[in-house]
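Values quoted throughout were computed directly from the atomic coordinates according to the rules given, and no laboratory measurement underlies them. In this text, all values refer to a predicted model and were calculated from it rather than measured experimentally. Using ideal geometry, Cβ is built from the backbone for each residue, glycine included, and neighbour counts are taken over all protein chains shown.
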């Protein structure tokens with residue numbers, strides 16, 4: 001395979017070849033096909049598709065989240081993304097840039113939850129010197145648990161009008177990064193609405209809790225390589241390093257290579273990793289009319 005051929009395969013799968021994703025049905029098929037995508041391109045790119053690129057059918061002059069407010073394509077792509085979230089066809093996380101949605105297909109979300117989610121999600125977080133949660137995050141969690149789905153503006157009013165939206169946003173980010181909460185809707189007059197994830201998607205959370213990290217990481221690695229066609233190990237580690245330590249990623253890759261579920265492929269001057277292609281038996285390789293009769 002050449003570099004150009006690999007690029008063409010990715011562009012086709014990521015809908016950057018003019019095949020736009022504009023309907024809910026198209027969006028469902030796209031997110032299920034790729035498994036993961038960013039809403040906008042990242043300033044420090046990772047090897048992954050973007051939802052706005054699929055919406056536009058191109059990767060030319062796509063806005064980053066900093067410039068999305070001035071690009072009409074961004075609002076229309078976001079509206080379609082919100083429809084996916086409402087239907088639970090996709091889930092949103094903030095493992096990369098806090099203002100750039102990271103979308104995970106509903107079918108593989110339990111595996112993602114197993115990597116980064118809390119094993120006892122109904123237990124309220126507690127603040128403390130060694131806690132990952134501030135007092136404001138703990139207060140916000142209790143309010144969302146009691147009153148959610150609830151908008152950020154309503155949260156601010158209930159928690160005290162002196163709390164800044166920036167501080168509340170950071171607190172929500174603490175909860176969101178561990179999949180304690182999730183954005184479930186967006187309305188222009190109210191902004192985003194939040195709910196505790198275990199109530200919004202109890203089956204997905206329950207399934208994720210029952211999966212081991214090793215099992216989940218192996219499944220997600222395979223899905224990622226299916227999404228990008230082939231990648232070198234640093235590219236895979238750069239992507240999954242946002243969720244788990246790189247040492248775990250290396251272990252999972254080595255285990256899948258040893259099990260022959262992954263294989264190497266030469267692309268240009270690079271040696272990349274791909275999902276092992278299915279083997280074709282010697283008999284089935286011939287047309288039925290040419291098989292030798294005994």
- The alpha-carbon center of the range 24-54 and that of the range 159-190 are separated, in whole Å, by 24 Å
- Query: If one takes the longest principal axis of the Cα atoms in the chain, at what angle in degrees, from 0 to 90 and to the nearest 10, does the Cα axis of helix 3-13 lie?
  - Reply: 50 degrees
- Task: Based on other C-beta atoms within 10 Å, arrange 180, 156, 61, 130 from fewest to most.
- Result: 130, 61, 156, 180
- Folded to 0 to 90 degrees: helix 246-258 orientation relative to the chain principal axis, Cα: 30 degrees
- Query: From the Cα gyration tensor of the range 1-44, with a ≥ b ≥ c the square roots of its eigenvalues, which class applies: rounded if a/c is under 1.5, or else prolate if a/b is larger than b/c, or else oblate?
  - Reply: oblate
- Would you mind calculating the relative contact order of the range 57-120 from Cα pairs under 8 angstrom and at least 6 residues apart, reporting the percent as a whole number? 19 percent
- When the chain is modelled as a GNM with alpha-carbon springs shorter than 10 Å, which of 152, 81, 38 fluctuates the most? 152
- With label points set 7 Å from each Cα along the Cα-to-Cβ direction at residue 247 and residue 170, the distance between them in nm comes to 3.0 nm
- Message: Only Cα pairs within less than 10 Å get springs; with that Gaussian network setup on the chain, which residue of 88, 187, 206 has the largest fluctuation?
- Response: 187
- Item | Max mean-square fluctuation residue, GNM over the chain, Cα-Cα springs under 10 Å, options 170, 67, 15 | 67
- Query: Hey, how many Å between the Cα centroid of the range 210-277 and the Cα centroid of the range 68-91?
  - Reply: 29 Å
- To the nearest 10 degrees, how steep is helix 135-147 against the longest Cα principal axis of the chain, on a 0 to 90 scale? 90 degrees
